[in-house]
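Visitor: Take this structure first; my questions come after.
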């Protein structure tokens, strides 16, 4: 038996082992995991930090990287938008095009990563690790985007958020309940800082090569200006949630630098994100983590030293469904939702 507990400045919070009991809610299990160690603890902390964001007066940016929609995650993002558990989406082009394929009636199939890919090519089947897609359905999705692009003015420079807002409106009217359609319906802007790296780029080329005189402009500089404006105007503070990393993460991170430098060239005041969450499988010791650890980001003024920051090293296809279901159990309604309708006031 332990006779006496030593007193040190490091023994502040007891670790508590998990008891197996049924029934038990997902949110209850994650609360218990937050009192343990390693990445199980971090996964539990993610729920706690996200819950704090929802109870605070902040604008919540959501970075959505990779090709996650093909793995069955896109309806989770729709739910987060509908509940306004996120306010601004910054996504790869893949995530906000490949969800359209399924929303318009196409299908993704469970496959296997050990397969003859040359045979898949012959059958016109695209592979995403262990997920299969019909290339002919993929082309229908690209054609849908291309047909919409023809309706836009060649004389206007659209930000990606403006372009996706208008496309979301059209998809909503067509009953194609994709991420950008859901975002349009709930006044959530969606930015795509590398939009050409996806079916959107192919759709542009289809029109450009087949139509001849076709042209539209997506102004990525305007993207950044609008995103910094949201950071400055939408709420007193900001919170960030990154699923993966990459361009969506760093594009959001740079809003803090952009706001600081445009308000004062002397960089006298910084505006770091008050809350920060990242779920990633990247590793920091290669100099990566898709834009550095949150500790490193403090040096740039991107995260606050006293802020609530948690990075969980886990596959997002494991973590995101579990975390969001825990939030669904814990929070019915968000108290303060920032109004971002001003972003599109002169668009329609």
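Every number in this text was worked out from the coordinates using simple rules, so none of it is lab data. Given the structure is predicted, the values throughout are model-derived calculations rather than measurements. In this analysis, Cβ positions are derived from the backbone assuming ideal geometry, glycine residues included, and neighbour counts consider all displayed protein chains.
Visitor: For Cα pairs less than 8 Å apart in space and 6+ apart in sequence, what is the mean separation divided by the residue count of the chain, i.e. the relative contact order in percent?
Guide: Worked out over the chain, it gives 23 percent.
Visitor: How many percent of the alpha carbon pairs in region 210-266 exceed a separation of 13 Å? List each step's numbers first, then the result.
Guide: On the way: 1083 of 1596 pairs.
Taking all Cα-Cα pairs of region 210-266, the fraction more than 13 Å apart is 68 percent.
Visitor: For region 118-172, what is the largest minus smallest coordinate of the Cα atoms on each principal axis, given in angstrom and ordered from greatest to least?
Guide: 45, 20, 19
Visitor: Still on this model: Write down the percent of antiparallel bridges among all DSSP beta bridges whose residues are both part of the chain, to the nearest 5.
Guide: Expressed as a percentage, antiparallel bridges in the chain total about 20.
Visitor: How many nm is it between the label spots at residue 38 and residue 262, if each spot is 7 Å from the Cα in line with the beta carbon?
Guide: 4.5 nm
Visitor: With label points built 7 Å along Cα→Cβ from the Cα atoms of residue 110 and residue 173, find their separation and express it in nm.
Guide: My value for the distance between the label points is 3.9 nm.
Visitor: Another one. At q = 0.28 Å⁻¹, what log₁₀ I(q)/I(0) does a Debye calculation on the Cα points of region 136-207 give, no solvent, two decimals?
Guide: Ignoring solvent entirely, the Cα scatterers give -1.50.
Visitor: Reported to two decimal places, what Rg/Rh ratio describes region 237-348 when computed on Cα atoms with Rh from the Kirkwood expression? Please report the intermediate quantities before stating the final value.
Guide: Values: Rg = 16.0 Å, Rh = 15.8 Å.
Value, to two decimals: 1.01.
Visitor: How large, in Å, is region 62-110 by the Kirkwood hydrodynamic radius built from its alpha-carbon pairs? Let's see the in-between values first.
Guide: Values: mean 1/r = 0.0899 Å⁻¹.
Evaluated on region 62-110, it is 11.1 Å.
Visitor: Given a Förster radius of 30 Å and the C-beta distance between residue 331 and residue 225 as r, what FRET efficiency does 1/(1 + (r/R0)^6) yield to the nearest 0.05? Intermediate values should be presented prior to the final figure.
Guide: Working: r = 33 Å, r/R0 = 1.09.
Working from the Cβ atoms, E equals 0.40.
Visitor: Work out the P(r) tail for region 1-64: percent of alpha carbon pairs separated by more than 17 Å, whole number.
Guide: The share of Cα pairs beyond 17 Å in region 1-64 comes to 59 percent.
Visitor: Now a separate question. So what's the convex hull volume per residue for the Cα atoms of region 284-345, in Å³?
Guide: 182 Å³
Visitor: Please list the radius of gyration and Dmax for region 175-321, considering alpha-carbon atoms only, with Å as the unit.
Guide: 17.7, 55
Visitor: Another question, if that's okay. Note the direction-averaged projected area, equal to a quarter of the hull surface, for the Cα convex hull of the chain, in nm².
Guide: Computed as one quarter of the Cα hull surface, the answer is 22.8 nm².
Visitor: Also: How large is the Rg to Rh ratio of region 107-230 when both quantities use alpha carbon positions and Rh follows Kirkwood?
Guide: 1.03
Visitor: Can you tell me the relative contact order of region 1-130? Whole percent, Cα pairs under 8 Å, sequence separation 6 or more.
Guide: Reported as a whole number, the value is 16 percent.
Visitor: While we're on this one: If you bin every alpha carbon distance in region 7-136 into 10 Å steps from zero, what whole percent lands in each bin?
Guide: Per 10 Å bin, starting at zero, the Cα-Cα P(r) for region 7-136 comes out as 10, 26, 27, 23, 11, 3, 1 percent.
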